[in-house]
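Only one structure is covered here, and it is reproduced in the block below.
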Amino acid sequence: MLTANNKLKIELDGLDTVNLTNCDREPIHTPNHIQPQGLLMVLAEPDLRIVQVSENAPEILGLAVADLLERPLADLIGSDRGDLVKMIRACLDRSFEHINPLHLKITTADKVVCAFNGIIHRSPSGEIVLELEPLESTADSDFFQFYRQIKVTLAKMQTAKNLAALCDLVVHEMRAITGFDRVMIYRFNEHGDGSVIAESKNNNLGAFVGMQYPDSDIPKQAKHLYTLNWLRLISDVNRQPIGLVSSQEVTNQTHPLDMSYCGLRAVSPLHIQYLKNMNVVVSMSVSLIQQQKLWGLISCHHHTPKLVPYEIRTVCEFLGQLMSTELATKENNENLDYKLHLKTIQGQFVERLTKATNFVAEITTDESSLLQLTGALGVAVCDADNIILMGETPSEADIKPLITWLVNRFEQDIFVTDTLPNLYPSAEAYKNVASGLLAMAISKIQNQYILWFRPEILQTLTWAGNPDKPTRIEEDGSLTIFPRQSFAAWQEIVRGKSNGWLSYEVEGAVELRRAIIDIVLRQAGELANINLELERINSELDAFAYIASHDLKEPLRGIHNYATFLLDDYGETLEGAGAEKLHTLLRLTTRMESLIESLLKFSRLGRQELQMNSIDLNLLLRNVTELFGMNPQWANCKIRIPRSLPTVFGDRVLIEEVFTNLISNAFKYNNQPEKWAEISWVESGQQPSNILNFYIKDNGIGIREKHLESVFRIFKRLHAPSKYGGGTGAGLTIVKKIIERHGGRIQVESTFGKGTTFWFALPVHNNTIKREYDPMK
């Protein structure tokens, strides 16, 4: 309600914290009041009884409210009840024969027949609502009159060269049709703020073109109602709203009437005061809708009371619908040369990327085109830990935390802002190069991103008055909001903001991403085929190794046996050189048999099914230690276990072979008087919790750096067969295969002359590692 000092006091139920956003929660769709230029009735089915009516019924119909409630509508209209019900139902169904407005004649208490425009609709909650507006003229408007009014305007709209020309045309045509003092086109930006982009006015009025209006001027629920109704008329801000009176049936209902579709719906007191402060008496708004979103409004103001007949409003509503259909075409034609330039760059990138194997290398070879693609002045291409900077960008040290902040803020892998410092305060330090950000995620897992930057551009906005409304919190906790008194130009310098990213610039980034994803998918497919082929080849090699080693053992055993027979039967008759050759043959066959046995064992590892169970490594190492302790060869060797070992999940026999082989090597390749091998484990936060890293460290002879890559190659020996106890050179290869069969990875670190450390990863739960993990991280 308006208080004595011409301020507006709003109290909203259920609001614990009072602030300016409360106006967004004002229930403007259920005011339970109407504007006084018409009459509202709510009709109950099936007989269309009047169960709710506005209090101005006596003034308009000469009938008391009590005489109308619970009375069938047909009694007032004087028509057959069945015909009336059919006509209203047809109108609700939008039948061509019965459309709004219905021309109704009602006999008043004084036996005077009054003509009305009847606008019928069903409310969101299901009630049938009838709004009656008195006909000021007995002359009926027909289709041809409507056609003549709109035909010329439509032709002009279709031939308008661009959006500016279209807007200028519409405001002049709308003002000519309606006679309003001022007609403006008001366009919303992405933040909800509005600006006047076209205007037609009386010469004695100040210009509003170019003025900005804050988002709070039109609350969210008001914008929603504008999307539901093409036209909204406020007939006279100085007339008091009219309340609704309900029958007992309606009074008992828990919800008020939803008046979202009512043309007579009363106006928010805050908006009434807003219009009064602008010296506006009559206001009419026509919605401009594009892609089911409120693009803007055609806003009409008049400074004295004015009647706007329903027929004229219908013409204005139709003009708004026509303009809405033209918006997309006119906007698409804006900056056409620039759009074609961007499309050309997009096409060049796509063509090159279809032939590329490395998208990072391909897109970074042409810095100029990559920047022009989105109209940016700087770009960062991030590929894992590698960041390539081009143009004017923040430093690499600044970009890394920015990417971390961005990860969960992408929408469909795109993030766009022209006010980065407002969203990410750390960007304040480099707003001169990165107040605007267009970021694109290619692969979050691989940490692949492209970030385009735009610098800060100081902008001067001209608001229609100070956009910050004065407020005061009262003692009872309610908020007193003072609509601004002045709408004179009020300038604000905006910092930390870049030029906005246009939709077709963002689309350029999206098209580039599609092309890059095509490369990645193609390479993934090629890699999958290669892996399948490798699996097939490896399987065939395993089978070949198994068959070959198995079949070679029999003839080799025969050679060994015949050489033994020759020595036993003819050893004394052979000369010394002949006997020595036979002994050499026996040694070679023995070594060959060991090699074949190792090859056979290696091939079995790739084929045999693992017997996976939980393994207590403390018990396993106790057995291994006892075995080494029983061999006099290792009398001066010691196995160190500095802390208790965990339980792992694996094949017990194979895991024991891993430890036995690595400990044996630690002792064998060691020339220290006291030899030792240390076994322990570490936790790593860089891999899944079901993975543990183990190590076996020794004080042996070490391995030269040049040999570290080859120690796991099968039959690869770094020393002569006779040195350090011999061997086939297959032990580490088998160890590596066992670890890989368990889903892990083994690596080696060594300092020549000081010792060697083998690192390997093993699972600790009933879940083998899905991919290889680096145990050295």
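The values are calculated or read from the model by the stated rules, or taken from the named source; none is laboratory data. Quantities reported herein were computed from a predicted structural model and do not represent experimental measurements. For neighbour counting, all protein chains shown are included, and Cβ atoms are generated from backbone atoms with ideal geometry for every residue, glycine included. To get the accessible areas, we keep the full protein, side chains included, count just its heavy atoms, and leave off ligands, DNA and RNA. Shrake-Rupley method; radii C 1.70, N 1.55, O 1.52, S 1.80 Å.
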Listed here are the pairs K151/K306; K400/K754; K201/K223; K668/K737; K201/K330; which of them are more than 31 Å apart at the Cα? K400/K754
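Quick one: grab the alpha carbon gyration tensor of the stretch 372-457, order the square roots of its eigenvalues as a ≥ b ≥ c, and give me rounded if a/c is under 1.5, else prolate or oblate depending on whether a/b is larger than b/c.
Rounded is the answer for the stretch 372-457, as its axis ratio a/c remains below 1.5.
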Residue-level accessible surface for W681, protein heavy atoms, 1.4 Å, Å²: 40 Å²
Stretchable slack from T30 to N203, in nm (0.36 nm times residue separation minus alpha-carbon distance): 58.4 nm
If each Cα of the stretch 252-375 is one equal point scatterer, what is log10 of I(q)/I(0) from the Debye formula at q = 0.10, 0.15, 0.19 Å⁻¹? -0.62, -0.88, -1.16
Ignoring ligands, DNA and RNA, what percent of the accessible area of the stretch 326-382 is carbon or sulfur (1.4 Å)? 52 percent
Along Cα→Cβ, 7 Å out, is where each label goes; now give me the distance between the ones at H341 and I312 in nm to one decimal. 4.7 nm
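Find the accessible area per residue for the stretch 173-311; the probe is 1.4 Å, ligands and nucleic acids are left out, and the unit is Å². Show your work: numbers first, answer last.
Numbers: 5920 Å² over 139 residues.
Using a 1.4 Å probe on heavy atoms only, each residue of the stretch 173-311 averages 43 Å².
Sort L340, L130, L567 by accessible area with a 1.4 Å probe, largest first.
Values: L340 100, L130 5, L567 30 Å².
Putting L340, L130, L567 in descending order of accessible area: L340, L567, L130.
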Non-local amide H neighbours of L692 (under 5 Å, H modeled in plane, Pro and chain starts lacking H): which ones? L762, V764
Probe 1.4 Å, all chains present, heavy atoms only: L586 accessible area in Å², nearest 10, is 30 Å²
Apply 1/(1 + (r/R0)^6) to the Cβ-Cβ distance of R536 and L610, taking R0 = 22 Å, and write down the FRET efficiency to the nearest 0.05. 0.55
So the FRET efficiency between N408 and Q158, C-beta based with R0 = 35 Å and rounded to 0.05, is 0.15
Express in whole angstrom the spacing between the alpha-carbon centres of the stretch 178-251 and the stretch 304-374. 28 Å
Hey, got the dipole for the stretch 610-699? About the Cα centre, +1 on K and R Cβ, -1 on D and E Cβ, debye to the nearest 20? 220 debye
Give the shape of the stretch 630-695 as rounded, prolate or oblate, defined through the alpha-carbon gyration tensor: a ≥ b ≥ c are the square roots of its eigenvalues, a/c under 1.5 means rounded, and otherwise the shape is prolate if a/b is larger than b/c and oblate if not. prolate
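For the stretch 251-313, what Kirkwood radius comes out of the mean inverse Cα-Cα distance, in Å? Walk me through the intermediate numbers first.
On the way: mean 1/r = 0.0696 Å⁻¹.
Taking every pair of different Cα atoms in the stretch 251-313, averaging 1/r and inverting gives 14.4 Å.
Quick one: accessible area per residue over the stretch 319-377, 1.4 Å probe, rounded to a whole number of Å²? Walk me through the numbers before you get to the answer.
Details: 2900 Å² over 59 residues.
It amounts to 49 Å² per residue over the stretch 319-377.
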